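The structure under discussion appears below in the form of structure tokens.
The values are calculated or read from the model by the stated rules, or taken from the named source; none is laboratory data. Quick caveat, the model's predicted, so the values are computed rather than measured. With ideal geometry, Cβ positions are generated from the backbone for all residues, glycine too; neighbour counts draw on all protein chains shown.
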Amino acid sequence: MDKSALIESVISQLQSELALQTEAALGSKDEATNEESRAEDKYDMRSQSAAYLAAGQARIASEIAEAIAAWRTLVPRVLGPGDEIASGALVTLESKSGRTHYLMGPQSGGLEARDGRNVATVVTAFSPLGRQLLGRRAGDTVKIADRLGPVAHLVAAVE
């Protein structure tokens with residue numbers, strides 16, 4: 001898998017989400033400040049509700065911008081089988097049900113990074129799985145919660 005392409009995939013997804021949230025925040029701000037949204041009586045909360053919505057959307061946009069900055073500073077290090085899993089690592093887990101790939105990232109856990117034909121799920125050090133993976137090496141075992149209880153997964157590769 002191409003780690004640089006996976007990272008670019010995450011950044012691209014975040015940029016699309018940032019554009020969407022920015023547009024939504026601007027629309028809500030326009031609604032809040034529009035003359036037609038002025039309160040008609042003391043119980044009319046349209047303008048205030050739109051202002052709260054705009055503030056929330058602007059905060060989300062700011063968080064996405066921070067995530068983009070964090071991903072842009074991530075340097076995809078080359079890791080080998082004896083290296084510990086750290087931020088930027090591409091991890092392959094193997095269980096009876098097959099192989100899964102995870103990209104240890106600084107933020108945006110849960111996104112699916114693609115390098116064309118391959119998919120890796122982004123995991124952060126703040127997630128339960130991320131906490132288990134940090135410091136592990138190829139050959140180690142981690143347990144992932146499933147519907148039927150914890151399932152053992154072998155760390156098949158660390159890149």
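Of the residues making up the stretch 109-126, just one is modelled with pLDDT under 95 and of a type in the set (S, T, N, Q), namely 118. Within the stretch 69-80, residues that are without any contact (Cβ under 8 Å) to a residue 40 or more places away in the chain reach partners that are assigned to a loop (DSSP other than H, G, I, E, B) with beta carbons closer than 7 Å, at six or more positions or on different chains, in the pairs 70/106; 70/107; 75/88; 77/88. If we keep just the residues of the stretch 39-74 that are of a type in the set (A, V, I, L, M, F, W, C) and not in a helix (DSSP H, G or I), which is modelled with the lowest pLDDT? Per the criteria, the residue is 39. So in the stretch 101-140, with the set limited to residues that are among the aliphatic types (A, V, I, L, M) and in contact (Cβ under 8 Å) with a residue 60 or more places away in the chain, which one is surrounded by the most Cβ atoms within 10 Å (Cβ to Cβ)? My answer is 103. Here is the figure for the stretch 77-89: residues that are surrounded by 14 or more Cβ atoms within 10 Å (Cβ to Cβ) and either among the small types (Gly, Ala, Ser) or in the same structural domain as residue 141 (by TED's automatic domain parsing) (or both) total 4.
If residue 95 satisfies every condition in (1) surrounded by 19 or more Cβ atoms within 10 Å (Cβ to Cβ); (2) touching a residue at least 24 places away in the same chain (Cβ under 8 Å) but one, which is the exception? Only one criterion in (1) surrounded by 19 or more Cβ atoms within 10 Å (Cβ to Cβ); (2) touching a residue at least 24 places away in the same chain (Cβ under 8 Å) is unmet by residue 95, namely (1).
Applying the criterion of being over 23 Å from residue 140 (Cα atoms) and among the acidic types (Asp, Glu) to the residues of the stretch 74-119, the residue that is farthest from the chain's Cα centre (by Cα) is 115.
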